[in-house]
Amino acid sequence: MDFSYPSEVEQFRAELRDWLSANLTDELVAARRPAGRDDAAIELLRAWSRTMADAGWAAVSWPREYGGRGATVLEQLIYTEETTRARAPMPLNVIGMNNIAPAIMQYGTEDQRTALLPRMMRADDIWCQGMSEPEAGSDLAALRTRAARDGDDFVVNGQKIWTSLGHRAHWCQLYVRTDPEAPKHKGISCLIVDMALPGIEVRPLVTLNGDTDFAEVFFHDVRVPADALLGPLNAGWQVATTTLSHERAGAARLYAEMQVRLEELVDDIATQSGALDDPVILRRLGEIAVRIKYLEVLCQRSISATLHGGDPFASASLAKTVWGEIGQDMAVLAFDVLGTGGANAAWANYRLSSRSLTIAGGTTQINKNITAQRVLGLPRK
Ligand SMILES: Cc1cc2nc3c(=O)[nH]c(=O)nc-3n(C[C@H](O)[C@H](O)[C@H](O)COP(=O)(O)OP(=O)(O)OC[C@H]3O[C@@H](n4cnc5c(N)ncnc54)[C@H](O)[C@@H]3O)c2cc1C
């Protein structure tokens with residue numbers, strides 16, 4: 001969809017494009033989808049975070065006092081489109097920057113903000129987010145990891161699972177139960193936990209494709225200082241809601257990323273097989289292109305709601321579902337045509353990792369429930 005943007009926004013785009021073309025190397029482009037995140041890949045991404053931070057491009061939506069640019073929603077949209085289309089790597093601390101930082105800005109003390117945010121932006125510290133547990137995923141409010149106050153500390157016991165970067169992290173935004181007697185949404189608090197504290201045990205998890213991107217994290221009598229509380233005691237649900245609503249603000253990445261993947265798939269099919277002459281393959285590619293256009297409209301609708309005071313969350317939930325399904329269907333098509341060796345196995349890798357697209361950040365079924373209620377206005381039961 002074509003929009004005419006105000007000249008100052010186009011100026012912002014031009015500046016960013018110039019900077020990216022001067023600083024984004026082929027090595028960094030290749031690092032955006034590493035086959036396994038080894039130490040070298042982590043260091044490269046950390047260096048990229050620092051380069052972006054030094055130039056003021058790491059966190060454009062953040063206020064200037066924390067190293068951002070105070071960018072408008074339109075500038076954030078341009079930023080997301082341009083960095084995605086230029087094939088820049090996502091920040092190493094992507095969950096930290098998009099989900100945890102907004103909660104620290106809204107609920108943190110000034111000490112927490114100034115000590116934590118600049119180091120997060122530069123990836124000096126790596127962050128993880130401890131929400132999911134074996135019996136609490138979609139139903140986050142069922143979480144059981146317990147934090148009991150004892151003197152100047154909380155004593156934490158329990159287990160988290162699927163914690164992205166848990167095995168690399170210096171800090172964890174941890175959701176814990178602080179009032180077991182209260183209704184389940186009202187007895188949760190959020191702690192900022194130093195992952196080096198005694199009693200924390202991290203067990204990396206290996207995914208289908210052999211990567212180690214997340215971990216199980218166990219807490220055995222971990223003494224967390226009381227000033228690690230983020231937001232009021234027992235207000236963790238509000239903190240989590242802030243976090244989740246920010247996760248959906250970068251909707252432009254959904255369609256921009258799929259557009260880039262489709263371009264890459266067409267290039268790889270053209271260079272590695274003769275299948276671009278096959279009308280069945282062409283039809284399948286065409287269907288995906290049309291669905292990406294639909295995804296773009298959904299995302300623009302969500303962004304428009306952000307700008308004009310509507311409900312951005314409703315169409316963003318639907319967009320998340322559509323994005324996941326497009327990614328999975330594109331991975332199947334790529335695998336059908338290119339097999340295990342396509343683009344040096346990158347497509348086979350995506351065939352496996354794309355299974356998570358409809359789970360991470362909210363499952364398709366949960367997002368369909370949200371669509372039913374908030375877009376279609378259907379009753380909850
Ligand atoms: C790649 C990846 C990275 C992740 N990173 C993190 C992380 O960093 N931190 C973190 O805390 N978590 C993380 N997660 C976990 C993720 O948030 C959960 O997997 C997700 O919330 C679903 O929870 P679950 O796996 O327990 O599934 P469940 O909630 O047990 O769901 C199982 C199935 O039941 C369906 N279902 C559940 N409830 C309903 C309902 N009410 N109506 C209809 N269907 C329903 C679900 O859609 C799903 O199909 C990650 C997951 C993935 C795949």
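Results, tabulated for the structure shown:
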{"quantity": "Equivalent-ellipsoid semi-axes of the stretch 173-294, from the Cα gyration tensor, Å, largest first", "calculated": "46, 20, 11"}
{"quantity": "Within the accessible area of the chain (1.4 Å probe), percent carbon and sulfur", "calculated": "53"}
{"quantity": "Average accessible surface area per residue within the stretch 167-296, 1.4 Å rolling probe, Å²", "calculated": "47"}
{"quantity": "Mean-position separation - Cα centroids, the stretch 357-376 and the stretch 130-191, in angstrom", "calculated": "23"}
{"quantity": "Angle in degrees between helix 236-247 and the longest Cα principal axis of the chain, rounded to the nearest 10", "calculated": "20"}
{"quantity": "Lysine pairs with alpha-carbon atoms under 26 Å apart, the chain, spacing 8 or more or separate chains", "calculated": "13"}
{"quantity": "Cα long-axis angle, helix 342-353 against the chain (0 to 90 degrees, to the nearest 10)", "calculated": "40"}
{"quantity": "Total charge dipole magnitude, the chain, about the Cα centre, Cβ charges on Lys, Arg, Asp, Glu only, Debye to nearest 20", "calculated": "1020"}
{"quantity": "If the convex hull is drawn through the Cα atoms of the stretch 126-190, its volume per residue in Å³", "calculated": "86"}
{"quantity": "Surrounding net charge for L77, when Lys and Arg each add one and Asp and Glu each subtract one, Cβ distance under 12 Å", "calculated": "-2"}
{"quantity": "Convex hull volume per residue for the stretch 283-377, taking Cα atoms only, in Å³", "calculated": "99"}
{"quantity": "Nearest-ten-degree value, helix 312-338 long axis tilted from longest Cα axis of the chain", "calculated": "50"}
{"quantity": "Relative packing of peptides 172-178, 52-58, 106-112 - highest average C-beta neighbours within 10 Å first", "calculated": "172-178, 52-58, 106-112"}
{"quantity": "Viscosity 1.002 mPa s, 20 °C: Kirkwood-radius Stokes-Einstein D of the stretch 1-108 over Cα pairs, µm²/s", "calculated": "145"}
{"quantity": "Charge context of W162, other residues only, Cβ under 11 angstrom, K/R +1, D/E -1", "calculated": "-2"}
{"quantity": "Dipole-positive endmost among T207, G68, S302 within the chain (Cβ charges, Cα centre)", "calculated": "S302"}
{"quantity": "Value of Rg to Rh for the chain (Rh from inverse mean 1/r over Cα pairs, i.e. Kirkwood)", "calculated": "0.96"}
{"quantity": "Dipole-positive endmost among A360, S317, N23 within the chain (Cβ charges, Cα centre)", "calculated": "S317"}
{"quantity": "Label point distance in nm, V29-A86, each placed 7 Å from Cα along Cα→Cβ", "calculated": "1.2"}
{"quantity": "Per-residue SASA entry for F313, accessible area with 1.4 Å probe, Å² rounded to 10", "calculated": "50"}
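The values are calculated or read from the model by the stated rules, or taken from the named source; none is laboratory data. Every value quoted in this text rests on a predicted model; they were computed, and no experiment measured them. Note that each Cβ is placed from the backbone with ideal geometry, even for glycine, and that neighbours are counted across all protein chains shown. Keep in mind that these areas ignore ligands, DNA and RNA; they rest on the heavy atoms of the full protein, side chains included. Shrake-Rupley method; radii C 1.70, N 1.55, O 1.52, S 1.80 Å.
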